Amino acid sequence: MRMLFGPAPVHVCGTEPLVSRVIAGLHADGRPARLVAPDQLATLKPSHVQTLILADPPDAADLIAAFAVRSQQVRSRFRPGSTRLILMHAADPPPVLPDLNLDERLRLETFAVESRAARALLRRWPLHLGLDPLFGQRPHLLLAGFGIPVNAFLVQALRLIQYGDARPLVTLLSEDPVPLAAQIGSAYPQAGQVAELRFGTLAAPPLDGCLLYTSR
């Protein structure tokens, strides 16, 4: 049946601009995709859905709970398999979800967009391309500004930043470094065991003793 009619579409429900980017990425990968409005999920039969992506929708917990209840119904004899439900959320940790009575008919996965993006970025441009010490200096990573994606990038970088015996230095610059230092220390208390963390302002970065290399 699947070979005759082609691959089943991936159903995508969520908020812009993420939902459009997910659909565009599926199409670029040769996968059919179908946009589903949040109010349409109530009429969507789980037995007709192989993959459902919830792209950071509002009230994600309620949507998942309602879909899980319907998935408990008897599935079509023509497609007795399970539904893969992927919840895309902005950053770790994932949102609190209800206690679901899941079985083999529904497989729930979470997908942190920022963490996945940081991993993809560091695969494309590994830290060692710019951090390998040329003359014995210790590795130094400088993060200027601390917007939404930088937090996920910092976590991934700390997992990859070790180079031999040298203890790396990570400098984080922001408009107000004091609350940032408290935030990092509370969220990642073991970060200081991986690297020396230094905080400063964008206007006066603490770069004494650091060698800066630029390319023209």
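Here, each number is a calculation from the coordinates, and none is a lab measurement. Note that the coordinates shown come from a computational prediction; the quantities given were computed from them, not determined experimentally. With ideal geometry, Cβ positions are generated from the backbone for all residues, glycine too; neighbour counts draw on all protein chains shown.
Just to be sure I understand the model, the point goes 7 Å from the Cα along the line to the Cβ. What's the resulting R31 to V69 distance in nm?
It works out to 2.9 nm between the two label points.
Near the amide H of H140, under 5 Å away, which other amide H atoms are found, from residues 5 or more places off or on another chain, if H is placed in the peptide plane?
Hits under the 5 Å cutoff: L169.
For segment 89-195, compute Rg over Rh where Rg is the Cα radius of gyration and Rh is the Kirkwood radius from the inverse mean 1/r over Cα pairs. Could the numbers behind the result be given before it?
Values: Rg = 17.0 Å, Rh = 16.0 Å.
Rounded to two decimals, Rg/Rh equals 1.07.
Once label points are set 7 Å from the Cα along Cα→Cβ at both D99 and Q40, what is their separation, rounded to one decimal in nm?
Calculated label separation equals 3.5 nm.
What FRET efficiency comes out for the pair D176/R21, r = Cβ-Cβ distance, R0 = 35 Å, nearest 0.05? List each step's numbers first, then the result.
Working: r = 32 Å, r/R0 = 0.91.
The pair D176/R21 has a calculated efficiency of 0.65.
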